[in-house]
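What follows is calculated from the coordinates using simple rules that are stated; it is not laboratory data. Small disclaimer: the values here were computed from a predicted structure and weren't measured. All Cβ positions, even for glycine, are placed from backbone atoms using ideal geometry, and neighbour counts span all protein chains on display.
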Amino acid sequence: MADLSEPSRSIGRVESDKLRIASTRAELSTALASRSATAATVALVPTMGALHDGHAALLDEARRRAEFVVASIFVNPLQFAPTEDLSRYPRALADDLALCAQHGVDLVFAPVVEEMYPDGAPEVTVEPGRVGAILEGASRPGHFRGVLTVVAKLLNLVRADVAVFGEKDYQQLVLIRRMVQDLSLPVEIVGAPTVRDPDGLALSSRNRYLSPEQRVAALALSRALLQGRAAGPAGAAGILAAANDVLAAAQGIDVDYLALRSTDLTTDARAPDAPAGEARLLVAARVGTTRLIDNVAVTVGSGNELPAVS
Ligand code: AMP
């Protein structure tokens, strides 16, 4: 696990008549207990901050689903390997609070690391199982153990009825649903579609690391996924070939994986017994030192049909 210490920070002034900010578990508890009696249901949107329109869409979805919306902002060291970008992960708390206020958030929980892990790294963690060991889990060992552990803690601390997560991190969403099912956690998990820039690039806090040239190179990811999706009628091999063609021709990206899997990610969609129908096409690549991920839903045809012209 990465070093648990974090840079110091300050919370800027927020112009909002209703947004409350809790930085300790005690403040969180007090704020939850003192909410209006009419605010019965609580929705949680967990984030690592550096918020953008993708996060805003999750906040809006939460607003539609519950009377009291909590956003957490916590860069979780448990999900970063020592070699990863924990210390340089973008932090923009004042802007984040302004975005939360604009999107009708009632309460922001923004704890420091010591508040979440008062005894250091936890002894007991959530084991993500087989789906946690493939794709992102293969490239980032321990990542999903850290994610599931912090999400379980946040769900417990906030006592959320509903929690909203983005399809942008599709494998994370699948694993959180599985955790909730396997551990019988009393919360409804809602997935929200990926928000993209008009040119197709999936919004990500890490996009701010990209130079203008790297941002152009990064567009190959979404282009490859769209080409793959358009080749759906050609079957699994045709989808992967179409997406691969785009990635192979792209400059300035170093592909980690391109995978076509069942929607629950348990099976490779190229397996001989894999059923035709809904599947997920996922990609990860490094652009310079920045690791980007993206995915789309695809419909896998039998392979005898002609691909759609895109
Ligand atoms: P993060 O702050 O990157 O940990 O993300 C917090 C939540 O926002 C996760 O549920 C992400 O899947 C979601 N998210 C991040 N980017 C996007 C996006 N472009 N569209 C929709 N949701 C997103």
Can you tell me the order of 268-279, 18-29, 171-182 when each peptide is scored by its average per-residue count of other Cβ atoms within 10 angstrom, highest first? 171-182, 18-29, 268-279
Under Karplus coefficients 6.51, -1.76 and 1.60, residue-wise ³J(HN,Hα) of the stretch 228-236 in Hz, glycine/proline x: x, 4, 5, 8, x, x, 6, x, 4
Can you run phi through the Karplus equation (6.51, -1.76, 1.60; θ = phi - 60°) for the stretch 67-77 and list ³J(HN,Hα) in whole Hz, with x for Gly and Pro? 7, 10, 10, 10, 10, 9, 10, 7, 7, 7, x
Please report T194, T38 as a ranked list, fewest other C-beta atoms within 10 angstrom at the top and most at the bottom. T38, T194
As I understand it, the value is the acute angle between the Cα axis of helix 53-65 and the longest principal axis of the Cα atoms of the chain; what does it come to in degrees, rounded to 10? 70 degrees
Estimated inter-spin distance, T41 and D119, nm [label 7 Å along Cα→Cβ]: 3.6 nm
Where Lys and Arg each count +1 and Asp and Glu each count -1, what net charge lies around L154 among other residues with Cβ under 13 Å from its Cβ? +2
Taking 8 Å as the Cα distance limit and 6 or more residues as the minimum spacing, I'd like the relative contact order of the chain as a percentage. 17 percent
Residue separation between S302 and D273 times 0.36 nm, minus their alpha-carbon distance, gives in nm 9.2 nm
Percent relative contact order for the stretch 123-203, counting Cα pairs under 8 Å at least six residues apart, stands at 27 percent
Most exposed to least, judged by fewest other Cβ atoms within 10 Å, S205, S87, S184 sort to S184, S87, S205
Principal semi-axes in Å for the stretch 205-300 [√(5λ), Cα gyration tensor, largest first]: 26, 13, 10
What is the helix-to-structure angle for 93-102, meaning the angle in degrees between its Cα long axis and the longest Cα principal axis of the chain, kept from 0 to 90 and rounded to the nearest 10? 90 degrees
Could you compute Rg(Cα) / (2.2 N^0.38 Å) for the chain, with N its residue count? 1.03
Compactness ratio of the stretch 196-260: Cα Rg over 2.2 N^0.38 Å, N = residue count? 1.14
Net charge around R25, counting only other residues with Cβ within less than 13 Å of its Cβ (Lys, Arg = +1; Asp, Glu = -1)? -1
To check my understanding: the extent here is largest minus smallest coordinate of the Cα atoms along each principal axis. What are those three numbers for the stretch 102-261, in Å, largest first? 49, 35, 30
Using only Cα atoms and rounding to the nearest 10 degrees, what angle (0 to 90) does helix 170-182 make with the longest principal axis of the chain? 60 degrees
Can you sort V162, V150, V255 from fewest to most other Cβ atoms within 10 Å of each residue's own Cβ? V255, V162, V150
Mind listing P(r) for the stretch 20-192? All alpha-carbon pairs, 5 Å bins, whole percents. 1, 8, 18, 22, 23, 17, 8, 2, 1, 0
Taking amide H positions as placed in the peptide plane 1.01 Å from N, state which residues far from D256 in sequence (5 or more) or on other chains have amide H under 5 Å from it. A284, A285, R286
